Structure formats: C-alpha cells, structure tokens
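> This structure is in structure tokens; I'll ask about it shortly.
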Amino acid sequence: MSNVTSSSLAFSSLDALPTQLAILDEDGVILYTNRAWREFGTEHDYQGDSSSVGTNYLGVCDLSTTDDATTASQGIRAVIDGERDEFSFEYPCETPDERLWFTMRATRFVDDGDTYVQIAHLDITDRKRAELEAEEKAERLQNLARMLSHDLRNPLSVAAGYVESLLDEAVAADRLEPVAGALDRMDDIITDALVLARHDAVEELSTVDLETRAAAAWEHVETGSAELVVADSFEFRADPNLLGHVFENLFRNGVEHGGTDHLTVTVGVLDGDSDGDATGFYVEDDGVGIPAETRDEVFEAGYSTGEDGTGLGLSIVAQAAHAHGWDIGVTEADRGGARFEITGVERPA
C-alpha cells in the first residue's frame, strides 16, 4: 500500500471528510481510518483504540449475531472476491442515547498491485427519521380513512335512513328536519376528510381536456341557477380523479359564497409565455369575491365564512394542486368576483 500510506495529502483529504472511512486489506483487517471514524468511536465510548486500526472488520461482523452484521460481512467479501464492484446497504445503529441510521458502502480499489476495500459509513439519520415519520403519518391517515369510511359512515347511513323514513311518514317533521340537515353535514365532512386523507399524491397522469373535465365536474355539483361558461380550452396532463375534486370544490365554493342568485362561473386558459402556450387555467365567478386580507387563509383546512361549510373544500383544492406540482393562487376577477389561478401544468409531449 505504498502510494496510500506515503501520501499525507491523501490522508489529510480523507480526514477532512465528514463521512466515516476505513481502508481494509484483503483479509478484512483495518489499515486506516479517518478523523470522522475515530471521533465517532470516541464519542460513543468505543472499547479499545477508537481508530480500530489492526482490528479485523470482517471478524467483528462474524462475531455478531445480527442480520445487519451478516449482510455487511457477505457484501464486503463479495467485493473483495471481485464478485461485485461495490456494495451498500442501510442499517440502524443503537447508541446509549438514540438510534442512528447509516448507509455503509464498500468499494474495491487496487494500489501497487494489491487489492483494498474502502468502507464508508454515511450518517442518514435525518433522512431516515423523515421517511419513518412520513410512513407513520401515511399509516395514521389510512387508519383515519378506514374509520371514516366504515366505523362512522355506516351508522350515519343507518341514522339518515331512519330520519328519512320518519319524514316520509310526516312524523315530527319540524324537529326531524334539523336532524336530517345535521346528518347531511356530517356526511359532507366525512367525504371531504376522506379526500384529504387519501389523496396526498398523484396516482396516474392522463391527458385531459379542460372543457370536458370542467363540464363533467359541473354536473356533480348542486349549482342551482348558476351558469358555467368555458371561455377556451386546452389539453394538459393530470390525475382525472384529483382534477375532478379541484373543479367540484371550486364550483361549490363559488355557488355557496358568490352572494348572488344568478352567478356565472367561468373557466379558461392562462397564457403565460411569449409563444402564447398555455401554462395553466383559471376558475372565476362574478360574485362578491374574497377580501384581500383573507386570501392567504382560504386554503387552510377548517377556514370557512359560512355556517354550513365544512371548511375543507379549498384545502382539498390546494392539496390536489400541490400533489400535481402545480401552484395555486387567488385574486380578484375582472368583474369583482373570486379568481383562482392554477399554473405549472404539464402539457402533453
């Protein structure tokens, strides 16, 4: 190992790295470790020389009964024997105070005719904790969705059925109608909550047409005397299911909060670049609009200006847009109503 051991510059460079590094010979004996390796051993009260030089790394792995140690030993031996050029895997490391996570990577190299293996241990604790937290959150959401869709919705449907039957028989209608309204509101809340719980990411993109999707969504909303106008159309890539939630909730928001009996909701294309190519779309109405001081709040879950709203509709819109990687903003329409603009959409190739 003449070139490696004689190069103080090489050692200084390795010492400057935050990654823990060790160099093994073909038998698995540690010949060199960098500063990060030594400091980790000292910090966690490693028994013996914290540099580990002279220790047989493979021997230590073989003495351990853990699956991770066996995986590491087998992988390093495969690199030494030339069966593979490199090997890596993730593993947890228990310390007296906490659990850390590392990626171990073994790479073979030749110096002056001799074969060596470089072992690198990269601390990935922050990333791994974030991944585990995301997995736990996803599991909680799945459990919530199951509870909402079965444990709550089933008895709610039974109660609504009994109330409707009693109303048909004209039994205490004046007292049962508020109950029926409350049950309907509970069902709306469950529906919106399920969308929030189940749609954190886009499942599959398809090429969709703005006019077609807007018209289809309009049919699923109780719009009363309101009118839909599609000013122009274009094709873009979207998850049809999530896009439907975007349109339905924007339409419902306009109809419920527009403040007029003859509302017109307009859907159109946003031309954003010098070539006139569409970069997104807008949904606007000619109602009372949204005050400038509250526009930053409307996408927050639970925000509502009406007694009957769930406060989740525009939060669903924002979540569905962000799941696509789109940006969404709200401003004032030319006719004074609310205007929602969605940009960053992907055009078909």
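The values are calculated or read from the model by the stated rules, or taken from the named source; none is laboratory data. Bear in mind the structure is a predicted one, so any value in this text is a computation, not a measurement. Every residue, glycine among them, receives a Cβ derived from its backbone with ideal geometry; neighbour counts consider all protein chains shown. When the accessible area is computed, the model is the full protein with side chains, heavy atoms only, and any ligands, DNA or RNA have been set aside. Shrake-Rupley method; radii C 1.70, N 1.55, O 1.52, S 1.80 Å.
> Of everything in the stretch 165-182, what is at pLDDT below 75 and assigned to a helix (DSSP H, G or I)? Give them in sequence order. If you could, list the steps in order and put the result at the bottom.
Going through the stretch 165-182, the residues at pLDDT below 75 turn out to be 170-175, 181-182.
Answer for the stretch 165-182, where residues must be at pLDDT below 75 and assigned to a helix (DSSP H, G or I): Ala173, Asp174, Arg175, Gly181, Ala182.
> If you don't mind, there's one more thing I want to ask. Could you tell me whether the stretch 129-137 includes any residue that is closer than 16 Å to Gln20 by Cβ and touching a strand residue (DSSP E or B) at 6+ places or on another chain (Cβ under 8 Å)? First the steps, then the outcome.
Residues of the stretch 129-137 that are closer than 16 Å to Gln20 by Cβ, as a first pass: none.
No, the stretch 129-137 contains no residue that is closer than 16 Å to Gln20 by Cβ and touching a strand residue (DSSP E or B) at 6+ places or on another chain (Cβ under 8 Å).
> Moving on to the next point. Give the residues of the stretch 66-86 that are touching a residue at least 12 places away in the same chain (Cβ under 8 Å), open to solvent by 20 Å² or more (accessible area, probe 1.4 Å), under 23 Å from Arg127 (Cα atoms) and not β-branched (Val, Ile, Thr), sorted by residue number. Before you say what the answer is, go through the steps one by one.
So in the stretch 66-86, the residues touching a residue at least 12 places away in the same chain (Cβ under 8 Å) come out as 68, 71-73, 75-77, 79-80, 82, 85-86.
Now narrow it down to the ones that are open to solvent by 20 Å² or more (accessible area, probe 1.4 Å): 68, 71, 77, 80, 82, 85-86.
After this cut, where a residue has to be under 23 Å from Arg127 (Cα atoms) as well, the list is 68, 71, 86.
Hits for the stretch 66-86 are Asp68, Glu86.
> If we only count strands (runs of 3 or more DSSP E) wholly inside the stretch 78-140, which ones have 3 or more residues that are of a type in the set (Lys, Arg)? Break it down stepwise before answering.
Values: elements: 86-94, 99-111, 114-123.
Strands (runs of 3 or more DSSP E) meeting the threshold: 99-111.
> Still on this structure, I have one more. Kindly evaluate Gly54 against the criterion of being at positive phi, buried (at least 16 other Cβ atoms within 10 Å of the Cβ) and touching a residue at least 12 places away in the same chain (Cβ under 8 Å). Please lay out each step first, then the result.
Numbers: at positive phi: yes; buried (at least 16 other Cβ atoms within 10 Å of the Cβ): no; touching a residue at least 12 places away in the same chain (Cβ under 8 Å): yes.
When the stated conditions are applied, Gly54 does not pass them.
> From the set of residues in the stretch 225-250 that are among the aliphatic types (A, V, I, L, M), part of a helix (DSSP H, G or I) and under 19 Å from the mean Cα position of the chain (by Cα), which is surrounded by the fewest Cβ atoms within 10 Å (Cβ to Cβ)? Full working, then the answer.
Taking the stretch 225-250 first, the residues among the aliphatic types (A, V, I, L, M) are 226, 228-231, 238, 242-243, 246, 250.
Cutting the leftovers down to part of a helix (DSSP H, G or I) gives us 242-243, 246, 250.
From the residues that got through so far, the ones that are under 19 Å from the mean Cα position of the chain (by Cα) too are 242-243, 246.
On the way: Leu242: 21, Leu243: 24, Val246: 27.
Across the stretch 225-250, the extreme among qualifying residues is Leu242.
> Sort through Ala292, Ala323, Ala278, Ala301 and tell me the only one that's modelled with pLDDT under 90 and in contact with a Phe, Trp or Tyr (Cβ under 6 Å, 6 or more places away or on another chain). Working first, answer last.
Values: Ala292 fails: in contact with a Phe, Trp or Tyr (Cβ under 6 Å, 6 or more places away or on another chain); Ala323 fails: in contact with a Phe, Trp or Tyr (Cβ under 6 Å, 6 or more places away or on another chain); Ala301 fails: in contact with a Phe, Trp or Tyr (Cβ under 6 Å, 6 or more places away or on another chain).
Matching residue, one of Ala292, Ala323, Ala278, Ala301: Ala278.
> Taking Val202, is it hydrophobic (A, V, I, L, M, F, W, C), open to solvent by 10 Å² or more (accessible area, probe 1.4 Å), in a loop (DSSP other than H, G, I, E, B) and touching a residue at least 12 places away in the same chain (Cβ under 8 Å)?
On the way: hydrophobic (A, V, I, L, M, F, W, C): yes; open to solvent by 10 Å² or more (accessible area, probe 1.4 Å): yes; in a loop (DSSP other than H, G, I, E, B): yes; touching a residue at least 12 places away in the same chain (Cβ under 8 Å): yes.
Criteria met by Val202.
> Right, something else. Within the stretch 92-106, can one find any residue that is of a type outside the set (Val, Ile, Thr) and over 29 Å from Leu132 (Cβ atoms)? Even if it seems obvious, please write down each step before you answer.
To start, the set of residues in the stretch 92-106 that are of a type outside the set (Val, Ile, Thr) comprises 92-94, 96-102, 104-106.
Those left that are additionally over 29 Å from Leu132 (Cβ atoms): none.
So far as the stretch 92-106 goes, no, none of its residues is of a type outside the set (Val, Ile, Thr) and over 29 Å from Leu132 (Cβ atoms).
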